[in-house]
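The values are calculated or read from the model by the stated rules, or taken from the named source; none is laboratory data. Please read all numbers here as calculations on a predicted model, not as lab measurements. Neighbour counts run over all protein chains shown; Cβ positions are idealised from the backbone, glycine included.
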Amino acid sequence: MRRSRRLLVARPGAGRFWIWLSPMIVLAGLIRLANVETAGADTLSTSVLQPTPLASSGVVEAAFPESGKATYYVSFDAQAGDLLTQIGYSGRPGAQKSIDLAVLDADAHARENYWCQGTEPADDSTRSFAIDRSGKQVLRLEVEGPPTARFRVEVGGSAAAALAPKSGPGEGALSHSVFTPTPLDASGSVTGKLPGPDRKEIYYVALDVQPGDLLTQISVTSREGADKSLDLKLLQPNARVGEQYWVLGSSATEEKTRSFAIDSTRRQIVKLVVSGPETGTFKAELGGSALAKPAGQAEGVAGRATRPSQ
């Protein structure tokens with residue numbers, strides 16, 4: 001008869017006392033520990049008394065529940081500062097999907113909240129909250145959508161400095177994250193491919209601005225008769241969408257221009273939302289007196305950059 005292998009483990013305490021453990025028991029324990037470490041992504045708490053600790057990445061991502069609707073609670077160690085958040089969903093077009101994020105106060109009341117909802121194949125929203133004290137911060141997530149779709153929440157900023165640093169996109173790729181937007185290069189242009197049917201891509205670009213006029217031009221190009229669109233949105237300091245405009249249609253090329261008044265020197269984040277056939281392309285050009293020129297760059301000199309989408 002073949003004997004099963006066992007592990008010999010010393011038990012601490014007075015004297016020498018040995019116990020035999022089956023390898024299967026040890027394996028089960030390791031699996032349980034692994035599940036605890038990744039609970040922030042896959043096993044979310046529905047109890048405000050025992051919220052799920054947020055993973056070091058600051059990300060919660062999962063499928064919508066089988067019941068279609070649920071309320072989850074997550075927590076992290078916060079400090080006084082700005083809490084930057086990004087929430088969104090992805091799934092088949094036409095299906096209603098929504099996510100609501102609320103920052104709870106010490107009495108478990110929703111101090112501030114915002115949401116992202118719709119029937120698009122993908123969408124996201126961003127918001128920054130002022131955190132005025134250090135301690136455990138609980139977030140409430142109310143989600144609703146088909147189980148074939150997914151939702152995503154990410155937090156960061158100076159109020160969540162204990163979390164791991166955010167990683168940026170790969171070289172030559174446009175960023176999908178408000179935490180690590182793609183820096184606008186010297187050309188002032190952002191270009192890429194359209195995402196394909198029943199898809200929508202969202203990108204974030206950052207640029208240094210100064211008081212003046214920010215002149216912009218957006219365009220999308222693909223075959224005649226194909227629907228396509230490009231939205232350009234300026235984010236406010238609290239990460240809300242401020243002024244915006246868009247171009248859409250089915251002509252071979254659709255194009256629009258607009259100027260925005262900039263009243264302060266700051267880092268400006270621009271959100272670009274694109275849709276259309278994957279054989280098409282989009283382009284956003286930014287310039288004007290509000291675009292701060294890097295030291296040593298001559299006026300009117302601009303190259304051309306082509307950044308493929310991820």
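What the table shows:
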{"quantity": "Any hit, the stretch 292-302, residues being surrounded by 13 or more Cβ atoms within 10 Å (Cβ to Cβ), at pLDDT 50 or above and assigned to a strand (DSSP E or B)", "calculated": "no"}
{"quantity": "Scan of the stretch 115-127 for residues that are crowded, with 18+ Cβ neighbours inside 10 Å and more than 13 Å from the chain's Cα centre (by Cα), ordered by number", "calculated": "GLU120, PRO121"}
{"quantity": "Those residues of the stretch 234-248 which are surrounded by 14 or more Cβ atoms within 10 Å (Cβ to Cβ), over 19 Å from the mean Cα position of the chain (by Cα) and not aromatic (Phe, Trp, Tyr), in sequence order", "calculated": "GLN244, VAL247, LEU248"}
{"quantity": "Some residue of the stretch 60-70 being out of contact with any helix residue (DSSP H, G or I) (no Cβ under 9 Å at 6 or more places or on another chain) and without any contact (Cβ under 8 Å) to a residue 12 or more places away in the chain", "calculated": "yes"}
{"quantity": "Close pairs from the stretch 218-230: first under 13 Å from LYS193 (Cβ atoms), partner of a type in the set (Lys, Arg) and assigned to a strand (DSSP E or B), Cβ under 6 Å, at least 6 apart", "calculated": "VAL220/LYS228; SER222/LYS228"}
{"quantity": "Which numbered condition TYR73 misses (of (1) within 26 Å of PRO181 (Cα to Cα); (2) surrounded by 18 or more Cβ atoms within 10 Å (Cβ to Cβ))", "calculated": "(1)"}
{"quantity": "Residue match in the stretch 152-168 (condition: hydrophobic (A, V, I, L, M, F, W, C) and in contact with a helix residue (DSSP H, G or I) (Cβ under 8 Å, 6 or more places away or on another chain))", "calculated": "no"}
{"quantity": "Number of positions in the stretch 197-244 that are modelled with pLDDT under 95 and either outside the structural domain of ASP263 (by TED's automatic domain parsing) or not in a strand (DSSP E or B) (or both)", "calculated": "0"}
{"quantity": "Among the residues listed as GLY156, GLY145, GLY135, GLY168, the single one being farther than 24 Å from PRO53 by Cβ and at pLDDT 95 or above", "calculated": "GLY145"}
{"quantity": "Residue among ALA130, ALA149 that alone is over 16 Å from LYS271 (Cα atoms) and touching a residue at least 60 places away in the same chain (Cβ under 8 Å)", "calculated": "ALA149"}
